[in-house]
There are 2 protein chains.
Amino acid sequence: MADEYRYQQLENWLLQGILDQRWRLGERLPSIRALCSEMDLSKATVQHALQRLEAQGLIEARPKAGYFVLLQPDGVKKPVSRARIEAPRPVNVSDLLLDIMGRSAAFDLLPDLRSGDLPPGIVTLNRSIGRALRRQKGDDYQYYDKPAGDIGLREQLALHHARRGWTASPEQLCVTSGCQHALFLALMATCERGDVVAVESPGFYGVLQLLEQLGLRVVEVPTSIETGMDMNALEEVLERWKVRACVVSPSFSTPGGALMPEPEKKRLLALAERHDLAVIEDDIYADTALGRAPDPLKALDMDGRVILCSSFSKCLSRDLRLGWISGARWHDRILHLKLVTQLASSRYLQQGVADYMADGSFSSHLRRQRHELRANRDKLIALLHTWPGEVRVSTPKGGLAVWVELPNDVNTLSSYMSGLERGIIITPGPLFSVSGQFENCLRISFAHPWNTSRIEGLGRLQDLLLS
Amino acid sequence: MADEYRYQQLENWLLQGILDQRWRLGERLPSIRALCSEMDLSKATVQHALQRLEAQGLIEARPKAGYFVLLQPDGVKKPVSRARIEAPRPVNVSDLLLDIMGRSAAFDLLPDLRSGDLPPGIVTLNRSIGRALRRQKGDDYQYYDKPAGDIGLREQLALHHARRGWTASPEQLCVTSGCQHALFLALMATCERGDVVAVESPGFYGVLQLLEQLGLRVVEVPTSIETGMDMNALEEVLERWKVRACVVSPSFSTPGGALMPEPEKKRLLALAERHDLAVIEDDIYADTALGRAPDPLKALDMDGRVILCSSFSKCLSRDLRLGWISGARWHDRILHLKLVTQLASSRYLQQGVADYMADGSFSSHLRRQRHELRANRDKLIALLHTWPGEVRVSTPKGGLAVWVELPNDVNTLSSYMSGLERGIIITPGPLFSVSGQFENCLRISFAHPWNTSRIEGLGRLQDLLLS
């Protein structure tokens, strides 16, 4: 009892400090050691108080760095919008998406900014690729690589995944031209025209485009911005309709950066087994984790039905066009499809990236990037909290964007064109669904360098949407 | 009359010289100027005699170099095998093809040889790519390229095609990951599951694999090793069955390097218009021409129904994984499919290749390569003519391989495994068809450096097939 009293005292004292802005958004709380000595408390008591504040979403533990203020308590308005369950339907993707992609915008508010120096991690990467090019000899250039890809790169990818709890062999991996290409191969291998595919809602527009082009039908499963696809909703969907595959992104799904808890992952796999479902895991955001990268769903797959798809586009470079797939029981068919639709990947490029991973440069890059992303995220969220009215913002622990819910009378879709006139490109909420939902929402990226132009651009965005 | 007599005299004298091996296979005849002065003949008379010998396939004109001996008259045994017309059928591609591709063999007899230095054209190419990598700046690496590809590369490709009689604008071109990827996009855009596609027979196995994976049915059109797809046969096919698309390779089709004459091209386009057919032109071998590269079929397309597909894989490097497509009336749909299945191509790579084309390095490379390919072809044909029995060999004016017809009791397919045991990989005739034809045929590449190992390998091939 006495001990319980003491941790509550500490919890209240810390909470008051956050309310008083003694520690502001993104700042570090005093260390456990300092709290123990200053407050004369045991380490267990201090940890207990901190964990309770973390569970309320007010602070965040960062490995080897301590606890950081995540949100002001009065700013804790979490997105609440929720998709409806509707019957499977054909997909018809908006032309808007093509317009955005045609602008090479990468969903950046200010695609023409392109400021700053090339980060050291990319300079090193380009040197590795250059060296691999210079190593070519004889008539190397006259041979296609093996369809599965370079063995050196596949070994490095296997090691990389082993650190995240999934022990893969290089034979289980096939190199692709990015994650979109991997998702395409996964859907081609598991579905036939007219089949029903379950997806997250809101979720990744690229999957919706693929379903449209492959003549597949979609059923959208309501998805929490914090914990990912709702397993109760998925269960209901699977009982009502014959679903062939489920595309899910347990580690920082787009648009909001949700992280699926372990028990939900296990429930997903049990449902997949009961309903004989292919599970296509879009793992592309895993290495943008602001802390330790979460284990993939694939690590729990004992039944050979999780196809893992990923690429270097979000965590390293979008211009590499290099991804990978692990096809589970469909792997041979996927290898065959890769061969038939593209023959091979570039050997020098794969070898350059393999070297970059083997000498530790990739890990260093991820470490540096993690710090920048965290700082950008905190600054973006802090700025959005200064917007007037009912503005709710997700607080992702990974990914490259936040999901913002605005008052119900805001229409982000109809603001797209006026945004263009003001020199900003927005990513309206309805892009992340086929049913026209999320009109008052949008996704905002924090992937790009934070500077005065960006702050000014976000000011223009506020004017556009809220005035 | 007197003039006719004189050119016949010269023709007979030259013929006798070839028979006597005064001028051997691949050697140059005396120049027109020398013949005029030595034989005291007019230039017109000498040209007339040379053109008659050329029409008989005995000699070959090479621009700015003169006339060269092509074949010994008694060696003129041209391949005669001809495909049968059979009803459309689903495609089931042999596992053998996957085995060959899995060996990264590029259809080379001796894939493990990889000897020699990197040619200067490839060294220069790699330097251009390296420079483009080093030009990256700011957050370039965070953006995808536009789906159609880099405008600089598309401008260079448009210029390149303009030299071959086809005036394309960059907007008509979309960059792909190689020609196989382009063919895949073309078939996805024009056909639906169950549709019938007409192909060359013998023809490119990669197309057969695509038809299999896309659930399309094939009808094989008999194809001459010298003049390409037989238009009488195609007409018969189009009258009997509803065909959606026709895949054809007018410039040096594989396996034999056939070159479709201009009148046949016009007939193809007229048939396509009458039967409302998409024509998919596989133009990948055009730049391997031993003389001037022929105009593409696309240059004659007034009706927007020829989709041109090509890549740098055969004329420059198979490891670039860079191709292009011009989609005619289906171009928007093809752009959309490129975006959805792959997002974008690598910008630095495209810019490196664009620089390489713009500074003339690509043209120099093609010039150098042309001389080597011609020499390799002549040596290969000369060696094959020393084989005993009824051996017929194609004499392509471009492409990278000859088609060889052996006595009827030879079975190239069943020799594949014993070939592997002897360290050689053969490309059996039946791979080039779905109907098990061409058992006594095989394709042999002359793309690789000619040396004693290769001569010895061809000796092993002769033992394998003819002893």
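The values are calculated or read from the model by the stated rules, or taken from the named source; none is laboratory data. On a predicted model such as this, the values are computed, not experimentally measured, just so you know. Using ideal geometry, Cβ is built from the backbone for each residue, glycine included, and neighbour counts are taken over all protein chains shown.
Looking at segment B:349-385, which of its residues are at pLDDT 90 or above, not acidic (Asp, Glu) and not in a helix (DSSP H, G or I)?
B:Gly360
It is to be established whether one or more residues within segment A:428-444 are charged (D, E, K, R) and within 26 Å of A:Glu200 (Cα to Cα).
First, the residues of segment A:428-444 that are charged (D, E, K, R): A:439, A:443.
Checking which are within 26 Å of A:Glu200 (Cα to Cα) leaves us with A:439, A:443.
Looking through segment A:428-444, at least one residue is charged (D, E, K, R) and within 26 Å of A:Glu200 (Cα to Cα).
Any residue at all in segment A:146-161 that's facing another protein chain (nearest Cβ under 7 Å) and touching a residue at least 12 places away in the same chain (Cβ under 8 Å)?
Yes, segment A:146-161 contains a residue that is facing another protein chain (nearest Cβ under 7 Å) and touching a residue at least 12 places away in the same chain (Cβ under 8 Å).
Could you please find all residues in segment A:16-31 being among the aliphatic types (A, V, I, L, M) and crowded, with 16+ Cβ neighbours inside 10 Å?
The answer is A:Ile18, A:Leu25, A:Leu29.
Kindly indicate whether any position in segment B:204-217 is surrounded by 24 or more Cβ atoms within 10 Å (Cβ to Cβ), assigned to a strand (DSSP E or B) and touching a residue at least 24 places away in the same chain (Cβ under 8 Å).
The answer is no, given that none of the residues of segment B:204-217 is surrounded by 24 or more Cβ atoms within 10 Å (Cβ to Cβ), assigned to a strand (DSSP E or B) and touching a residue at least 24 places away in the same chain (Cβ under 8 Å).
Considering only segment B:431-440, I want to know if a residue exists there that is surrounded by fewer than 18 Cβ atoms within 10 Å (Cβ to Cβ) and at positive phi.
The answer is yes, given that some residue of segment B:431-440 is surrounded by fewer than 18 Cβ atoms within 10 Å (Cβ to Cβ) and at positive phi.
Among residues belonging to segment A:187-203 that are out of contact with any Gly (no Cβ under 7 Å at 6 or more places or on another chain) and in a helix (DSSP H, G or I), point out the one that is nearest to A:Leu442 (Cα to Cα).
Filtering first and then ranking leaves A:Leu187.
Kindly indicate whether A:His331 is away from chain B (no Cβ under 11 Å), assigned to a helix (DSSP H, G or I) and out of contact with any His (no Cβ under 8 Å at 6 or more places or on another chain).
Here the answer is yes, as A:His331 does meet what is asked.
Out of the residues in segment B:87-103 that are surrounded by 14 or more Cβ atoms within 10 Å (Cβ to Cβ), part of a loop (DSSP other than H, G, I, E, B) and not basic (Lys, Arg), state the one that is modelled with the highest pLDDT.
Out of the qualifying residues, it is B:Pro88.
Looking only at segment A:1-26, count how many residues are of a type in the set (S, T, N, Q), within 26 Å of A:Leu384 (Cα to Cα) and not in a loop (DSSP other than H, G, I, E, B).
Of the residues in that region, 1 qualify.
Are any residues in segment B:27-43 assigned to a helix (DSSP H, G or I) and at pLDDT 90 or above, and if so, which ones?
To start, the set of residues in segment B:27-43 that are assigned to a helix (DSSP H, G or I) comprises B:32-39, B:43.
The answer is B:Ile32, B:Arg33, B:Ala34, B:Leu35, B:Cys36, B:Lys43.
Quick test for you: out of B:Leu53, B:Leu70, pick the one residue that is closer than 16 Å to B:Gly291 by Cα, surrounded by 12 or more Cβ atoms within 10 Å (Cβ to Cβ) and touching a residue at least 12 places away in the same chain (Cβ under 8 Å).
Numbers: B:Leu53 fails: closer than 16 Å to B:Gly291 by Cα.
One residue alone meets the criteria, B:Leu70.
Here is a check on your reading of the model: is B:Ala245 surrounded by 19 or more Cβ atoms within 10 Å (Cβ to Cβ) and either without any contact (Cβ under 8 Å) to a residue 40 or more places away in the chain or under 14 Å from the mean Cα position of the chain (by Cα) (or both)? Explain how you work it out, then say what you get.
On the way: surrounded by 19 or more Cβ atoms within 10 Å (Cβ to Cβ): yes; either without any contact (Cβ under 8 Å) to a residue 40 or more places away in the chain or under 14 Å from the mean Cα position of the chain (by Cα) (or both): no.
No: the conditions fail for B:Ala245.
Is there a residue in segment A:229-237 that is within 22 Å of A:Ser313 (Cβ to Cβ) and surrounded by fewer than 24 Cβ atoms within 10 Å (Cβ to Cβ)?
no
Just checking, which of B:Gly423, B:Gly399 is at positive phi and in contact with a strand residue (DSSP E or B) (Cβ under 7 Å, 6 or more places away or on another chain)?
Going through B:Gly423, B:Gly399 in turn, just one is at positive phi and in contact with a strand residue (DSSP E or B) (Cβ under 7 Å, 6 or more places away or on another chain): B:Gly399.
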